[in-house]
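Enquirer: Before I ask anything, let me first share the structure, which is written out below as structure tokens.
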Amino acid sequence: MSTTLKVVVTGPFGAGKTTFINAVSDTPVVNTETGVSDDTAALKTNTTVALDYGSFTLDGDGQHDGVELLFFGTPGQARFEFMWQILSEGTHGYVLLLDASRPESIAEATAILGAFREKRPDLTVVVGAGRTESGSAGRAQLTELASTLDVPAAQVIAIDARDPNSCRSLLISLLVLVFTALDSDGTGPLEHPGTIAELDVIAAEVEAEVGADAAAASEGRVPVGAGVS
Amino acid sequence: VSAFSDVVADLRADIDGIRRVLFCSSDGLPIADTLDDATNGSSAATAATILGLGRHTATMLGDGAFTEAVIRSTDGCLVVYGIGGEHVLAVYCTAEVNVTMLDRKVGRLKAQFDPVSAGV
């Protein structure tokens, strides 16, 4: 038996949403990409026009339920805002990706976050910041991003969307927050593994698989269980 | 745009019930539209979304390339055509429109969209 969660992967054009889903999905990915016809082609030649779809399963172990994550990736441009609304229906949490090296990407991500908060103000979000500086400069960048986006610092995480381990580490952070939210209100809309302790068992198994490379790749991410009371 | 006007006039001459014709890029940017209002951008994005889903569905079915998608509502009908690999034609019609005739007409007119596309 497993729990199924819907996760929206959103963010501005060129933030790495399609790359993220391609990297993390363990099933064939649905992409709806087409060529870029305006001057943003200098940044990227293809863009998603409807959605990306993929999934990832954390296996249970007999004692604990597994978790199946269904990913719905949105188009990034504001003209596709209606798709953000459509895809966010029934979602349990979302990943907001951005390119930390481009101020316009941060501004667009702020607007997207605002659109999601307008419709679902309590929905759990984890921000994946790509192309951050390394070391202390990178940590300062993440702190500033958290302030700009008005998101708790522990929920703003450096990520390399090309690296499956980096993506999965971010997803574990999101899962912890989602289950924490479900536990805290006691009225979760779904049957879920029930306790963060159970999720931590699953997360620990994933962490073991991911190994040391993920720790380096996901510098700055929230440790599993952090902020969980 | 004059080439677009010619295409629209040609469509309307043979097909009753056409309310609006929109031509846009496959990534959802409007190129020409018979309706000049604030909905141009979102309408083009919607048409491109339908095209994207249509293409994916056609690929999934394995029965050849996407040609058009028809969305019917109680009082209207929207037909979205792929034009070449990079453009979309969206025709907004009354519910009574003869879609079969529209398909044939658009098929015959496809070459006429080349100058409209080139004018981007």
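The values are calculated or read from the model by the stated rules, or taken from the named source; none is laboratory data. Everything quoted here is computed from the prediction, not taken from an experiment. Reconstructed Cβ throughout: ideal geometry from the backbone, glycine too, with neighbour counts over all protein chains shown. Just the protein is used for accessible areas: all its heavy atoms, side chains included, with ligands, DNA and RNA removed. Shrake-Rupley method; radii C 1.70, N 1.55, O 1.52, S 1.80 Å.
Enquirer: List the lysines whose alpha-carbon lies under 26 Å from that of A:Lys119, not counting same-chain residues fewer than 8 positions away?
Expert: Once the sequence-local lysines are set aside, what remains near A:Lys119 is A:Lys6, A:Lys17.
Enquirer: So, by mean Cβ neighbours within 10 angstrom, what's the order for B:13-25, A:8-20 with the highest one leading? Working shown, then result.
Expert: Details: B:13-25: 18.4, A:8-20: 24.9.
Ranked by mean Cβ neighbours within 10 Å, highest first: A:8-20, B:13-25.
Enquirer: What average count of beta carbons from other chains do you get within 10 Å of the Cβ of residues in A:67-75?
Expert: 1
Enquirer: In whole Hz and in residue order, list the ³J(HN,Hα) couplings for the range A:120-128 that follow from phi through the Karplus curve 6.51 cos²θ - 1.76 cosθ + 1.60, θ = phi - 60°; x for Gly and Pro.
Expert: 10, x, 9, 5, 6, 10, 10, 9, x
Enquirer: If you don't mind, another one. Averaging sequence separations of C-alpha pairs under 8 Å and six or more residues apart, then dividing by the length of the range A:1-61, give the relative contact order as a whole percent.
Expert: That works out to 37 percent.
Enquirer: If you count, for every residue in B:84-92, the Cβ atoms of partner chains within 10 Å of its Cβ, what is the mean?
Expert: 1
Enquirer: Another question, if that's okay. Tell me which of B:Ile71, B:Thr46, B:Leu61 sits at the most positive position along the dipole axis of the range B:1-76, charges placed on C-beta atoms (Lys, Arg +1; Asp, Glu -1).
Expert: Going by the Cα projections, it comes out as B:Leu61.
Enquirer: Enter the mean number of other protein chain beta carbons within 10 Å of the beta carbon of each residue in A:35-45, as an integer.
Expert: The per-residue average across the peptide is 2.
Enquirer: Leaving ligands, DNA and RNA out of it, report the carbon-plus-sulfur percent of the accessible area of the range A:1-114 at a 1.4 Å probe. Please report the intermediate quantities before stating the final value.
Expert: On the way: 2200 of 4140 Å².
Using a 1.4 Å probe with all protein chains present, the range A:1-114 comes out at 53 percent carbon and sulfur.
Enquirer: Need the C-alpha centroid separation for the range B:7-83 versus the range A:68-102, integer Å.
Expert: With the range B:7-83 and the range A:68-102 each reduced to a Cα centre, they are spaced 24 Å.
Enquirer: Take chain B, connect every pair of alpha-carbon atoms lying under 10 Å apart with a spring to form a Gaussian network, then pick out the residue of B:Thr59, B:Thr94, B:Thr74 with the largest mean-square fluctuation.
Expert: The residue with the greatest mean-square fluctuation here is B:Thr74.
Enquirer: Can you list residues whose amide H is under 5 Å from B:Arg19's amide H, if they're 5+ apart or on another chain and H is modeled 1.01 Å from N?
Expert: Residues meeting the criterion, in which the H sits 1.01 Å from N, are B:Tyr92, B:Cys93, B:Thr94.
Enquirer: While we're looking at this one, here's another question. Please give me the summed charge of the neighbours of A:Gly35: other residues whose Cβ is under 14 Å from its Cβ, Lys and Arg +1, Asp and Glu -1. Don't jump to the answer; show the numbers that get you there.
Expert: On the way: positive: A:Lys44, B:Arg55; negative: A:Glu33, A:Asp38, A:Asp39, B:Asp27, B:Glu86.
That works out to -3.
Enquirer: Each residue of the range B:22-29 in order: what ³J(HN,Hα) in whole Hz does its phi give by Karplus 6.51 cos²θ - 1.76 cosθ + 1.60, θ = phi - 60°, with x for Gly and Pro?
Expert: 10, 10, 8, 7, 6, 9, x, 9
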